[in-house]
2 protein chains.
Amino acid sequence: MRQNDMNSLWCLIEDNYNVRNNRKYEGMFAQGNGYVSTRGVFEEGASDNSKDEEYMNKAGFVTVQGAKETKFKCGTYVPGITGNHPHLNEEIINLPWFLEFKVWFDNECLDMEKCSIDDYKRWLDFRDGTLNREFTWNTLSGAQVKMEYRRFLDRNIKNLSSQEINIKIVKGSGEVYIEAGIDGNVKTNGYNHFRDLKCLNIENRYIGLEVVTDNQNKICEASYIKCDKGFEWNIEKRENHILYTSRKAVEEGNKFVIRKYTAITTDRDLEVGNVSPLDRALNVIYKVEKESAENIYERHAKIWEERWEDSDILIEGDDKSQLAVRFSIYHLIRSCIEDDPRVAICAKGYAGEGYYGRYFWDTEIYMLPFYIYTNPKAARNLIKFRYNTLEGAKENAKRYGYKGARYPWESSIKGDEECPLWQFADNEVHITADIIFALWHYYSATNDYEFMVNYGVEMMVESSRYWVTRVDKNKNGGYDLLGVMGPDEYTPFTKNSAYTNRMVKFNLNKTVEFINVLSAMDRKNFNKIRNKLNLIDEELELFREISSKLTIPYNKERKLVLQSEDFESFADIDLDEIWTDRNRYFVQFISQDKMYRSKCIKQADVLALMMLFPQEFTNEEIKNAYEYYEPITTHDSSLSPATHATIAAWLGKEDEAVRFFNKAANVDLSLETDGAAEGIHIANSGGLWQLIVHGFAGVKSSVLEDTLKVQPKLPKHWDKLQFSITWKSKRYKITINKDRSYSIEEKLN
Amino acid sequence: MRQNDMNSLWCLIEDNYNVRNNRKYEGMFAQGNGYVSTRGVFEEGASDNSKDEEYMNKAGFVTVQGAKETKFKCGTYVPGITGNHPHLNEEIINLPWFLEFKVWFDNECLDMEKCSIDDYKRWLDFRDGTLNREFTWNTLSGAQVKMEYRRFLDRNIKNLSSQEINIKIVKGSGEVYIEAGIDGNVKTNGYNHFRDLKCLNIENRYIGLEVVTDNQNKICEASYIKCDKGFEWNIEKRENHILYTSRKAVEEGNKFVIRKYTAITTDRDLEVGNVSPLDRALNVIYKVEKESAENIYERHAKIWEERWEDSDILIEGDDKSQLAVRFSIYHLIRSCIEDDPRVAICAKGYAGEGYYGRYFWDTEIYMLPFYIYTNPKAARNLIKFRYNTLEGAKENAKRYGYKGARYPWESSIKGDEECPLWQFADNEVHITADIIFALWHYYSATNDYEFMVNYGVEMMVESSRYWVTRVDKNKNGGYDLLGVMGPDEYTPFTKNSAYTNRMVKFNLNKTVEFINVLSAMDRKNFNKIRNKLNLIDEELELFREISSKLTIPYNKERKLVLQSEDFESFADIDLDEIWTDRNRYFVQFISQDKMYRSKCIKQADVLALMMLFPQEFTNEEIKNAYEYYEPITTHDSSLSPATHATIAAWLGKEDEAVRFFNKAANVDLSLETDGAAEGIHIANSGGLWQLIVHGFAGVKSSVLEDTLKVQPKLPKHWDKLQFSITWKSKRYKITINKDRSYSIEEKLN
């Protein structure tokens, strides 16, 4: 493994342990390999804190939803492994904890908070996804022990976790006692999803834990521990817990390298075949037992290197921003299950239990562009996930009494609605159009016609059918979308939301456009699809008519796009009077009822619309919208700052662009707020990428332009910006210089 | 007790047992004595149905909230004894079941569903609140046993329940075995509120059960069983269950009268003093042990007789309506805790667990007039309850960020908000003004100036202060009430609801009016109140200004009072197309999102306003409102039919008035719907009384008129209508004849 190479532009470093920040760092230090994600938990946990307290979490308002405060929170998530929480609906299950490695010296238990620790340092290396920790432990018995930890989730052997622990007795002697196992005493949001749990001692050499979840998924974790010399390992079974233990007398100068390998498998894995999770886990373990640690690491690190080759954004002249952007990209790479179209990326990037591991519009509108332009295969699978959940969306439409497909606001892995709060589930209908927008975005960037014919067109037609039944005819012969919540979640019930209506028009228009292309150019597929979907000409006519009769509310006098037709009738409030501490969320200072009836905005709404369709608005209209809405926008949502920064950059408001950039860059890195405690704000990570690429570099999205174009708006203090873009199957390297001169070079393999 | 006097105008009779209707009859047959209420459960329960299943009830939409379906549901409620359900908030606790009396004959367990039963009859006698049952049991062993049961909750000794069971061996011989006890294995909405439970064998003669609830209330139930001859009683303890058992050989012709007395006491009783619940219960039992059953009954029955003297409505020419109206009045008398201002009447009249025993606007707007005009002392205590919870209402306002007092939509006994669904809790703000309206109604009918000075004025000022902070100033210099749900619960989020705005104006106006009277006529109290409430002149000026600037939305062209300013912008829908079975609730045929954005109404809203302020609208406006709103009103709420009947009667639409009267009369009596299964729709009972008095008799409320006035609109098929009214401390008998001639006679004591 890479040692002691703490490159400050590539590593997130914690050099001072403070228990108050522990859960935040656990989120920031989350690791993942495109199969499993784990939180950056200390191997030894905290000696006085339980990780399986049973409690009941009630669904609260989405912004202020409080998770139970604990000192640490172990987290092991395999996307797709979900269960039903009795009050929160479907949630991703926190699996048994396999990173456990506890140390005692002369009966003193190692604990970062309670022991005397010097030279503490922990860092996550983005280049290879390795989490490292080093410190010196001054034991109560007077000895000095140097501890070093490294661990990674293998990108090559995706079911594998590797841990290496170095123990060096710097001074004194004594007795070391170690416990290292797999612990099934884990709850998710206070609830136990494990129905059947077996602890296995395998040949007195390996340990294993088999679990059957409440959804009948079978999970296996099996570990093998290796130490070159000296330690003898016993295997011990405790309640829902199996572990190696070892006790050894040590002396000054002794050095030990201990490796713990764990294989994680489930019956849902793509490559499962007929082999049981246990056998598959053991096969992994048998294999790595014979391999050198160096070889295992090298193959893993090579894949990370490839990802960075396609995804890195180089910023010269602003190290802090450089690090923050790489932090975001790291998490985007880490959390994406590239090859599995049965799952997407949950709202907290599988780095915590916030939002319960569910899928929102975040994926399509905020994260997807990153994958479209850096890893189109991954983007394809993310869109394919929505095709795979189309049946759920159709069921959802039916349950509401509508036709076609209505994507759920908080999607389960099957496409069922899991949102426990009706105002979001019922009214944030834009999600369905967002998905079609994203589909078209992917298609326009990749020309993946085969995907459109086999999957996309069906999503387009079924979603359009939903809109036909969701609109209401008004007395002027037009159509309205009533009872709608747009992106701004602080106005729950509006008439004709500008964002929503525009996206619905896009959905309907592109459906008609693509069917027309098929009809004209590809009769075979046209006929196949027409038969499969029972598509009739009158439907297309209706799609066209509704699209043309949905309006975008607009105040002509003020040249202002209105967030909704009734927005001006909401109450004026004085934000400064109410919001007395801007370091906290606005929602904490106002009652929901007052917020819901007032002109206060959670996040970019009209500006989110303008970010997607800038060519449809004059510069003056964009400026008017920015200047009207921004002062009443609270940015309580992490989806807000990056969009504001992008628009500000376009408008040449550089100071504001930089201010919002910094806000976006610090959403998870900040220790002042809850930050990453419950997971990574992964949509913001995608937003930050878009802000740089679409905002500061001014790359036009493929929805807007057929050819790759750049229109730099670089902040003055940046010396250079460089990144790669995949565009219609070709890869380009874009370099922008301080003077805003730039080059676009094709990259050849 | 009154025997075999099944007067069909005074008794609700069930003469055919059907298990499907069992829970509905349990609700209809609920008994109560102004202290405790019990459901009309068979003494033996059902042999194959548990009464303490543990399950988790989630809060659902208010109309479709499903309680667990069981064959029977024992229910014992002492208002004020509440606990916290982990998901439903505060609820009234279902107390240990003391009516148990199980019989076996030759080891065959008596069960109404499974045994061979002839001549079954059960009836509730409204005159004395006695529940009776008789039948013949053809036992499997060939014997014939005649069983008779009577029971009542004593109105004289309010902690006492009396049961009498007659067993007559008509044919054959065999062995009778009896179990009669107090069973603490009872859950409330699936949840166990009992923290500490003791079963007591007292002197081998009495049995007792002491319970401490999760709210630390102490409850005691103690029983004594008496049988003239033959039965010897053992006392047996089981888990959370104490009981008498007895076994005896019996022969043809044997007759036994068994009496079971139970005393129910709590540490919250008004007369508790320093005596423990157990000692108080035993004192009751010791006393009744020495009394004759006849004496106990007579004293009890006399009080019921007095209540009927003040409350009865006589209808000649329509026996079915006569019975239905007495049924409603019975439950109004039964459920009111006349002398205890620490509780009001819950939405299900303490006859079930629906609405969790909480207090809504139902009390003030629907039930209170009955008490104001028949039992002003009870009415005073109901209003006093709102004074006693004023602190809770002030806390509630504060929690939302408002000043003054904001009454909760679903009130706990302390005035806290218990409604788990925000759209009701946050937006149905009219409750606060409803309470002030009710206060003024009580005051105008009784001239209880002392109440106003000591309690009422404080409620008025604090509620007015709330409104000052709840209104929003609009750009025309006026005031709006935005984000409001009026009485119609199918439009959750409206602007300037006509009903709400008018009630708020009333609230503000009457506050100013009363303070002005005080200021002019009663300087001493004026100064006292001004100091206590820190009242300043500017406040009064603001109350007046806001009241004058709140508008009642109105369409001038159509001469139509609009339910809300934005009502016309809601979607038109075709009720007939959606609502394919009008015997079921409309809400079951439409998704909430479509319902919330469409012109479909749950219950009287503009008509409810017109019922309270008829003099402010022309006949044409009332007619327009009726004809516009009624066709789009679903009457999904039981609060709707009586109001519609009243307005229809006023408009001379007799057929519709009678149709809605019948609907109201059958809300609980119907076996086609769920009816009374989860309790009595007690607001509808009050609505039915108002419909007859204000609608068919045309009595003007004291808010509108200073003197008692009658304006009969009797249905043609009624020969005579007669009832009593208390008006400014005098009692009147009003008689209306078929030809609509009438008399108002003062009643002298």
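Of B:200, B:33, B:246, which is farthest along the charge dipole of region B:11-303 in the positive direction, counting Lys and Arg as +1 and Asp and Glu as -1 at C-beta? The one lying farthest along the dipole's positive direction is B:33. Taking region B:201-258 on its own, what percent of its Cα-Cα pair distances exceed 12 Å? Result for the distance tail: 73 percent.
In chain A, the longest principal axis of the Cα atoms and the axis of helix A:293-311 are about 20 degrees apart. Taking the number of Cβ atoms within 10 Å of each Cβ as an exposure proxy, the fewest-first ranking of B:399, A:122 is B:399, A:122.
For residue A:196, the point set 7 Å out from Cα toward Cβ sits 4.4 nm from its twins in the other copies, listed from shortest up. Quick one: helix B:498-521 against the long Cα principal axis of chain B, what's the angle to the nearest 10°, folded into 0 to 90? Once rounded, one gets 80 degrees. By the count of neighbouring beta-carbon atoms within 10 Å, fewest first, A:111, A:5 end up ordered A:5, A:111. Per residue of peptide A:589-598, the mean number of Cβ atoms on other chains within 10 Å of the residue Cβ is 6. Among the residues of A:138-148, the average count of other protein chain beta-carbon atoms within 10 Å of the residue beta-carbon is 0.
Sorted shortest first, the separations between the residue A:142 label point and its copies elsewhere in the assembly read 9.8 nm; each point sits 7 Å from Cα along the Cα-to-Cβ line.
Remark: region B:607-749 carries a charge dipole of roughly 800 debye about the Cα centre, counting +1 on each Lys and Arg Cβ and -1 on each Asp and Glu Cβ. Annotation for residue A:399 and residue A:545: the two label points, set 7 Å from Cα along the Cα-Cβ direction, are 3.2 nm apart. The distance between label points at residue B:746 and residue B:270 comes to 2.9 nm (points 7 Å beyond Cα on the Cα→Cβ vector).
Does region B:613-673 come out rounded, prolate or oblate, given a ≥ b ≥ c as the square roots of the eigenvalues of its C-alpha gyration tensor, rounded meaning a/c under 1.5 and, failing that, prolate meaning a/b above b/c? It comes out prolate by the Cα gyration axes.
Region B:295-311 and region B:238-253 have Cα centres lying 33 Å from one another.
Below 8 Å between Cα atoms, with a sequence gap of 6+, how large is the relative contact order for region B:11-303 in percent?
Details: 686 pairs, mean separation 51.4, N = 293.
This gives 18 percent for region B:11-303.
Against chain B, whose longest principal axis comes from its Cα atoms, helix B:619-629 is set at around 60 degrees.
Each Lys and Arg adds +1 at its Cβ and each Asp and Glu adds -1 at its Cβ; summed about the Cα centre, region B:11-303 shows a dipole of about 440 debye. Judged by the mean number of other Cβ atoms found within 10 Å, the most tightly packed of the peptides A:566-574, A:38-46 leads the ranking A:38-46, A:566-574.
By count of other Cβ within 10 Å, fewest leading, how are B:368, B:651, B:708, A:282 ordered?
Going from sparsest to densest Cβ surroundings: B:651, B:708, A:282, B:368.
Positive end of the dipole of the protein assembly as shown (Cβ unit charges, origin at the Cα centre): among A:466, B:741, B:217, the Cα lying farthest that way belongs to B:741. Normalised by the number of residues in chain B, the average gap of Cα pairs under 8 Å and 6 or more apart makes the relative contact order 12 percent.
Spatial offset of region B:406-439 relative to region B:543-561 amounts to 24 Å, using the alpha carbon center of each. Think of each Lys and Arg Cβ as +1 and each Asp and Glu Cβ as -1; about the Cα centre, that makes the dipole of chain B roughly 1440 debye.
If I take R0 = 25 Å and measure r between the Cβ atoms of residue B:319 and residue B:20 in this structure, what FRET efficiency does the formula 1/(1 + (r/R0)^6) give, to the nearest 0.05? Numbers along the way, then the final one.
Values: r = 26 Å, r/R0 = 1.04.
E(calc), rounded to 0.05, equals 0.45.
Summed over qualifying helices (DSSP H, 4 residues or more, each -39500 (n - 2.57)) and divided by its residue number, the protein assembly as shown shows a 222 nm mean residue ellipticity of -9500 deg cm²/dmol. So what does log10 I(q)/I(0) come out to for the protein assembly as shown at q = 0.04, 0.06, 0.08 Å⁻¹, using the Debye formula with one equal point on every Cα and no solvent? Ignoring solvent entirely, the Cα scatterers give -0.32, -0.70, -1.12. Extending 7 Å from the Cα toward the beta-carbon at both residue B:234 and residue A:249 defines two label points whose distance is 7.0 nm. Distances from residue B:401 to itself in the other copies, using label points 7 Å out along the Cα-Cβ axis, amount to 3.4 nm in increasing order. Among the listed pairs B:158/B:720; A:505/A:532; A:510/B:475; A:73/A:226; A:505/A:700, which have their C-alpha atoms separated by more than 31 angstrom in this model? With Cα atoms farther than 31 Å apart: B:158/B:720; A:510/B:475. Along the axis of the charge dipole computed for region B:607-749 (Cβ charges of +1 for Lys and Arg, -1 for Asp and Glu, origin at the Cα centre), the listed residues B:694, B:707, B:658 are led at the positive end by B:707. Averaged over the residues of peptide A:418-431, the number of Cβ atoms from other protein chains lying within 10 Å of each residue's Cβ is 2.
The numbers here are math on the coordinates, done by the rules we state, and not lab data. These numbers were taken from a predicted model, which means no experiment stands behind them. Please note: Cβ atoms are built from the backbone with ideal geometry, for glycine as well, and neighbour counts cover all protein chains shown.
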